[in-house]
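A short worksheet on the structure shown next.
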Amino acid sequence: MSSSQTRLLSPAWLARSAPEVAPDLLGCKLVRRWPDGRQIEGVIVETEAYAPGDPACHGYRRRTQRNAVMFGPPGHSYVYLIYGLYHCLNVVTDGDDRASAVLIRALALTDPPPWLTPPKNQPIHRWAAGPGKLCRLLEIDLSLNGDRLQPGQSLWLDPPDVETQQARQQGLLAITQTTRIGLTQGADIPWRWYLTDSPAVSKRQK
DNA sequence: TTCACGATTCTA
DNA sequence: AGAATCGTGAAG
């Protein structure tokens, strides 16, 4: 699903519906960079989709101050505070006025920098396993909400490495689809995807 | 203005 | 199973 018109990760590519984009983001990289040049990147191994008509979507009822960026153009971040304790990072998808986003639930860190202070008593593949832990590790909070995901800025998406791209093209990238985690509404909608073999996935299912 | 609750995580 | 912890949004 990446023609010349819709280049991988371009705004046009992200302008599709969230359930289309979510599985396609698996294998892509998320990069976090600070003004001082420090940088962390990881492979996206778990995503969930939230879209119009979906009772679990923050934009389900109406446009509010919090969910405003979901109604905006694709390619921006949607960050929100959950349980007053953690933040969650989404990639806004679909066109204007169609509140849609893909929740980034877990990363497999690639080449963690030496200055990174890891969570205690956890193997590296668990450091970013879960949306809250991911944002805590990458220091993603409301100050990044609504930012354009642009290379060289504070946060952006990069294409998968060639091996992953080839595996996907050959249909060899094992992806599991399940229902979403932690919902009371829309709990039956199977809009969660993860790389079947990744140890960095937050929770196994089925 | 009030107030119940949540796209979570960690501990007992 | 329960706590931590607070902004959001639906109701009044």
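The values are calculated or read from the model by the stated rules, or taken from the named source; none is laboratory data. Note that the coordinates shown come from a computational prediction; the quantities given were computed from them, not determined experimentally. Cβ atoms come from the backbone with ideal geometry, glycine included; neighbour counts cover every protein chain shown. Heads up: the accessible areas ignore ligands, DNA and RNA and are worked out on the full protein's heavy atoms, side chains in. Shrake-Rupley method; radii C 1.70, N 1.55, O 1.52, S 1.80 Å.
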Check your understanding: What's the carbon and sulfur percent of region A:11-195's accessible surface, probe 1.4 angstrom, rounded to a whole number?
Key -> 51 percent
Point to revise | Accessible area in the full protein assembly, largest first, 1.4 Å probe, for A:D94, A:D161, A:D111 | key: A:D111, A:D161, A:D94
Review point. What ranking of A:L8, A:L116 comes out by heavy-atom accessible area, probe 1.4 Å, highest first?
Key: A:L8, A:L116
Revision key, fill the gap. Among A:T117, A:T64, A:T176, the residue with the largest mean-square fluctuation in a Gaussian network model of chain A built from Cα contacts under 10 Å is A:T117
Study note, to complete from the structure: With T = 37 °C, eta = 0.692 mPa s and Kirkwood Rh from C-alpha pairs, the Stokes-Einstein D of region A:76-153 in µm²/s is about 241 µm²/s
Review point. Using the Cα gyration tensor of region A:11-195, with a ≥ b ≥ c the square roots of its eigenvalues, what is the shape: rounded (a/c below 1.5), prolate (a/b larger than b/c) or oblate (neither)?
Key: rounded
Revision key, fill the gap. In this structure, the FRET efficiency calculated for A:R66 and A:N121 from their beta-carbon separation, with R0 = 35 Å, to the nearest 0.05, is 0.55
Exercise for review: Determine the dipole magnitude for region A:104-206: charges of +1 sit on the beta-carbon of Lys and Arg, -1 on that of Asp and Glu, nothing else is charged, the reference point is the Cα centre, and the result goes in debye to the nearest 20.
Suggested key: 500 debye
Check your understanding: So what is the calculated 222 nm ellipticity per residue for chain A, using -39500 (n - 2.57) for each DSSP H run with n of 4 or more, over all residues, to the nearest 500 deg cm²/dmol?
Key -> -3000 deg cm²/dmol
Check your understanding: Accessible surface of A:V43 in the full protein assembly, 1.4 angstrom probe, to the nearest 10 Å²?
Key -> 30 Å²
**Study point:** A:E48, A:E20, A:E41, reordered so the largest accessible area comes first (probe 1.4 Å)
**Key:** A:E20, A:E41, A:E48
Practice item. On the full set of protein chains, 1.4 Å probe, figure out the accessible area of A:H125 and give it in Å² to the nearest 10. Key: 70 Å²
Point to revise | With 10 Å bins from 0: P(r) over region A:2-81, alpha-carbon pairs, percent | key: 15, 42, 34, 9, 0
Exercise for review: For region A:11-195, give the share of DSSP beta bridges that are antiparallel, in percent and rounded to the nearest 5; count only bridges with both residues there.
Suggested key: 100 percent
**Study point:** Neighbourhood net charge (14 Å Cβ-Cβ; Lys/Arg +1, Asp/Glu -1) for A:R98
**Key:** -2
